[in-house]
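*Asks:* Before I ask anything, here is the structure I am working with.
The values are calculated or read from the model by the stated rules, or taken from the named source; none is laboratory data. Small disclaimer: the values here were computed from a predicted structure and weren't measured. Reconstructed Cβ throughout: ideal geometry from the backbone, glycine too, with neighbour counts over all protein chains shown.
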Amino acid sequence: MPKIIIQGIVQGVGFRPTVYRVAKKLGLKGHVLNTGSNVEVIINGNPDIFMDALKESLPPLARIDDYSMEESTEPDSEFQIIQSSTGNRNSPLPPDAAICPDCLEELFQPGNREKFPFINCTNCGARFSVIYDMPYDRPKTSMDDFPMCQSCKAEYENPEDRRFHAQTTSCPDCGPRYRLEGVPTNDQIGMFATGVDAGKIGAIKSWGGTHIVCLPENIDYLRSKFNRSQKPLAVMVKDIETARKYAEISHHEETLLKSTARPIVLVDKKSDYLNDTAPGLDKVGIYLPYSGLHHLLFDNLEHDAVIMTSGNLPGEPMAVTDEEIMALNADIFLIHNRRVINRVDDSVIIPYKNSQFFVRKSRGYVPEPLNLPHDRTLVAVGADMNNTGAISIAGKAIQTQHIGDINQYDTSVFLEEALKHLLRLYGISRPDAVITDMHPKYSSRGVGKRLAEEWDVPVIEIQHHAAHGFGLAAEHGLEELTVLGCDGTGYGTDGQVWGGEILQINKGQFERTGHLSYIPLLGGDKAVEDPRRLVFAITQMLGTGQPYFTGQEADVLAQIMDSSAKTSSTGRVLDALACWLGICQTMTYDGEPAMKLEPYLRKGTASYDFQAKINNGIVDTVDLFGQLYSVSEPSGIRDKQEISNLSRSFVEALFEGLIEVASPSESLGFTGGVSYNLAINDILENKLAKRGVKLITHKLVPNGDGGISFGQLAGGGYHVSSSSR
């Protein structure tokens, strides 16, 4: 009898039930077995005919990457699904997937015994957020706390039911339940919706964590309670028609919004109603309901849009336990009793042409495997901002969910736990090495060193922007690439703060062939939070005046010009430009000044003839500011169009200089946090097209520091010998 070994996304997606139904339809005997790394199928018929039929019947979340065949001597029997076994664990794990059309229809069916917020089947529902071990069976999920009732068991055992072997099957009689904290009621969701409609701030536990919920008109109340004065906040809307009401939605953006991952998608604002959700920005983050709970919430709300943002204390991971949720500064709390095994924050995407940039790759996508140029088994701990970790096995990288900023103990613990969880799921007891950033003060570096000591394996350091470059090259299957590494902060090999770099990537090596000129960071991180200090430093270097600091304060800043750390950061240059032009003079969240500059860049034209001065591969940004000063002093009075034209002229000249130094022949990579800026991407693409050069950008890995861990794996693998395993 033929044995077919199938690899791909075959766990937790209804794959074995589909195999069963196809085999029964073809009148075959044999069995299907989940081995933990793949699925084995034994049949007493033609394997090619079987595989053709299986491919045509694949469930929505399943994917066949490869399959092989060998002979088996097992006896014939009625086709059955047999108990899972544990083998080599290198099969992709299923991400959480939005409620499917069948479950959504069933949720609101007349006569349905109860509208159940946890409704799901083999084609949808929580997956990664509830898994604590493989193979994916109910006893290895948090659903093990909820034994199936007879009705659910009947569905689970019925081959013709879409819940056949659906591991998270449950109902109101046997499944998880919501409670409205402190309020005895049988209408928990209805009363919660009434509170939100009345202007209250709600905390609501979902699949992978907690959201803070309120109406858009109450956003000032939310901002004051949670100290998020300017930070963009995501909006969940009732349906795609509502999304079109508040934002411009292209066909590509609609496809992203309606995908099973249900990410937050940054789209152009259309209605003033959502202006305050993202102050100073022309885009708003919108997403659609992805669970039965969300659909039931909108069914009870009088409004068709709510602020739905991550529920966490400042600097800490998203709340998942009752204690953590009740510590949030909300007015009402809707909490369920299913354990969250893996915190999974909402994914955030910026659509770009017919592709996308991941700002945050988490729910709906994690733990998606990505190809690597080596087969080492490694652990990477990422950067400190917007952190993710990652592991590699058998030529694949698997990143953790979004961790956040590693600046508090709880967040570093979250990173370590997330990495160890992935290692457990993939059956890895000891990696070959741990990869860290080379920044001596990074907290993630401390996590990496601790883990390396625990496993007694070497630590390999990868420079921050080189990691960005290695990741971009690996994502596109390249070993060599010229890269612009443009972001806010990264520790350089010369001890200075890099961020405007031209790097030649070659496998696991890099050469810095050019960069932006250095500017003093007066007071270190204080200059990041207060871009006026950047402008002060620039005007000191130019020998011109500035309007921000006088007297003793100016004297002190002038005295620390020589002793301060220096930066070549593109992000800091853009921050200084935003401050200079009066767009934003204080940073209240990461990247704020440069982000608020972007709408002006989009609307501007290069009407000023600025030219970048280049000396030995260094683009002189201070000289560019001198050219700006000749037509517009810092914080001068000007209209919005003039601001747009000045900013566009400056940035076009800046990137013309970077391209000239890079001298690309066929392609040029663009990575780092600045590469999220769509206007700059357009500028680069247009300039490169005139030279016959292709712009290479990210598609599967976050452009910013969320992609560092992948780049660390890609570059670090070249520095680990296969004999060390």
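*Asks:* Could you please find all residues in segment 639-685 being surrounded by fewer than 23 Cβ atoms within 10 Å (Cβ to Cβ) and in a loop (DSSP other than H, G, I, E, B)?
*Replies:* 639, 663, 664, 665, 666
*Asks:* So residue 710 passes all but one of these: (1) hydrophobic (A, V, I, L, M, F, W, C); (2) in the same structural domain as residue 368 (by TED's automatic domain parsing); (3) surrounded by fewer than 24 Cβ atoms within 10 Å (Cβ to Cβ); (4) within 27 Å of residue 572 (Cβ to Cβ). Which condition number does it fail?
*Replies:* So residue 710 meets the others, but not (3).
*Asks:* Given the residues 76, 66, 96, which is the only one that is at pLDDT 85 or above, among the charged types (D, E, K, R) and surrounded by fewer than 19 Cβ atoms within 10 Å (Cβ to Cβ)? It would help to see each step written out before you state the result.
*Replies:* Numbers: 76 fails: at pLDDT 85 or above; 96 fails: surrounded by fewer than 19 Cβ atoms within 10 Å (Cβ to Cβ).
The unique qualifying residue is 66.
*Asks:* Condition (residue is small (Gly, Ala, Ser), on the phi > 0 side of the Ramachandran plot and crowded, with 17+ Cβ neighbours inside 10 Å) applied to segment 119-129: is it met by at least one residue?
*Replies:* Yes, some residue in segment 119-129 is small (Gly, Ala, Ser), on the phi > 0 side of the Ramachandran plot and crowded, with 17+ Cβ neighbours inside 10 Å.
*Asks:* Same structure, new question: Considering only segment 22-62, state which residues are under 21 Å from residue 82 (Cα atoms) and of a type in the set (D, E, K, R).
*Replies:* If the condition is that a residue be under 21 Å from residue 82 (Cα atoms) and of a type in the set (D, E, K, R), then 24, 25, 29, 40 are the ones that fit.
*Asks:* Test residue 671 against the stated conditions and say whether it is touching a residue at least 60 places away in the same chain (Cβ under 8 Å), in contact with a Cys (Cβ under 8 Å, 6 or more places away or on another chain) and under 24 Å from residue 359 (Cα atoms).
*Replies:* Criteria met by residue 671.
*Asks:* Within segment 36-57, work out how many residues are buried (at least 18 other Cβ atoms within 10 Å of the Cβ) and part of a loop (DSSP other than H, G, I, E, B).
*Replies:* Total satisfying the criteria: 3.
*Asks:* Sticking with this structure for a sec: When you go through 540, 559, 546, 552 one by one, which is the residue that is of a type in the set (S, T, N, Q), under 24 Å from residue 500 (Cα atoms) and either in contact (Cβ under 8 Å) with a residue 60 or more places away in the chain or surrounded by fewer than 22 Cβ atoms within 10 Å (Cβ to Cβ) (or both)?
*Replies:* Within the list 540, 559, 546, 552, the selection yields 540.
*Asks:* What tally of residues in segment 299-319 results from selecting those that are buried (at least 16 other Cβ atoms within 10 Å of the Cβ), touching an Asp or Glu at 6+ places or on another chain (Cβ under 7 Å) and farther than 20 Å from residue 402 by Cα?
*Replies:* Residues that pass the stated criteria total 1.
*Asks:* Name the single residue that is surrounded by the fewest Cβ atoms within 10 Å (Cβ to Cβ) among those in segment 226-283 being part of a loop (DSSP other than H, G, I, E, B) and of a type in the set (Val, Ile, Thr).
*Replies:* Residue satisfying both the conditions and the ranking: 260.
*Asks:* Next question. Sort out which residues of segment 402-438 are assigned to a helix (DSSP H, G or I), in contact with a Leu (Cβ under 9 Å, 6 or more places away or on another chain) and free of Cβ contacts under 8 Å to residues at least 40 places away in the same chain, and write them in order of number.
*Replies:* Result: 416, 420.
*Asks:* Using the structure shown, decide if residue 675 is at negative phi, of a type in the set (Ser, Thr, Tyr) and at pLDDT 95 or above.
*Replies:* Yes, satisfied.
*Asks:* Any idea which of 322, 331, 375, 384 is surrounded by fewer than 19 Cβ atoms within 10 Å (Cβ to Cβ) and closer than 30 Å to residue 479 by Cβ?
*Replies:* From the options 322, 331, 375, 384, the qualifying one is 375.
*Asks:* In the set 606, 612, 594, which member is of a type in the set (A, V, I, L, M, F, W, C) and under 30 Å from residue 385 (Cα atoms)?
*Replies:* Criteria check complete, one pass: 594.
*Asks:* Additional query: Just one of the numbered conditions (1) assigned to a loop (DSSP other than H, G, I, E, B); (2) in contact (Cβ under 8 Å) with a residue 60 or more places away in the chain; (3) farther than 19 Å from residue 429 by Cα is not true of residue 376; which one?
*Replies:* It is condition (3) that residue 376 fails.
*Asks:* Related question: Return a yes/no flag: does segment 295-308 have any residue that is within 21 Å of residue 706 (Cβ to Cβ) and not polar (S, T, N, Q). Before the answer, list the steps.
*Replies:* Going through segment 295-308, the residues within 21 Å of residue 706 (Cβ to Cβ) turn out to be 308.
Adding the requirement that they be not polar (S, T, N, Q) leaves 308.
Yes, there is a match, as at least one residue in segment 295-308 is within 21 Å of residue 706 (Cβ to Cβ) and not polar (S, T, N, Q).
For every residue, the table says whether it meets (1) modelled with pLDDT under 95; (2) closer than 27 Å to residue 614 by Cα; (3) not assigned by TED's automatic domain parsing to the domain that holds residue 573.
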position	(1), (2), (3)
437	no, no, yes
455	no, no, yes
463	no, yes, yes
468	no, yes, yes
486	no, yes, yes
491	no, yes, yes
502	no, yes, yes
507	yes, no, yes
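*Asks:* Next question. Please specify each residue of segment 290-309 satisfying the condition of being part of a helix (DSSP H, G or I) and of a type in the set (S, T, N, Q). Don't jump to the end; show me each part of the working.
*Replies:* Initial filter on segment 290-309 (part of a helix (DSSP H, G or I)): 292-300.
Across segment 290-309, the qualifying residue is only 300.
*Asks:* Can you name every one of the helices (runs of 4 or more DSSP H) wholly within segment 557-638 that holds 1 or more residues which are in contact with an Asp or Glu (Cβ under 7 Å, 6 or more places away or on another chain) and of a type outside the set (Ser, Thr, Tyr)?
*Replies:* Fully inside segment 557-638 and qualifying: 570-580, 592-603.
*Asks:* Now, a different point. Anything in segment 512-523 that is part of a strand (DSSP E or B) and either in contact (Cβ under 8 Å) with a residue 24 or more places away in the chain or closer than 30 Å to residue 369 by Cβ (or both)? List them, or say none. Please lay out each step first, then the result.
*Replies:* Let us first name the residues in segment 512-523 that are part of a strand (DSSP E or B), namely 512-516, 519-520.
Listed by number, the residues that qualify are 513, 514, 515, 516, 519, 520.
*Asks:* Write out, first by first residue and then by second, each pair whose Cβ atoms fall under 6 Å of each other, whose residues are 6+ apart or on separate chains, and whose first residue, in segment 683-706, is more than 18 Å from residue 653 (Cβ to Cβ) while the second is exposed (fewer than 14 other Cβ atoms within 10 Å of the Cβ).
*Replies:* Filtered contacts from segment 683-706: 699/355.
*Asks:* Let me ask something else. Within segment 1-31, track down each residue that is of a type in the set (A, V, I, L, M, F, W, C), assigned to a strand (DSSP E or B) and farther than 20 Å from residue 168 by Cα.
*Replies:* Result: 4, 5, 6.
*Asks:* Could you please give the count of residues in segment 690-720 that are part of a helix (DSSP H, G or I) and either under 16 Å from the mean Cα position of the chain (by Cα) or acidic (Asp, Glu) (or both)?
*Replies:* The first filter runs over segment 690-720 and keeps only residues part of a helix (DSSP H, G or I), leaving 690, 705-719.
Retained after the next criterion (residues that are either under 16 Å from the mean Cα position of the chain (by Cα) or acidic (Asp, Glu) (or both)): 705-711.
Total meeting the criteria: 7.
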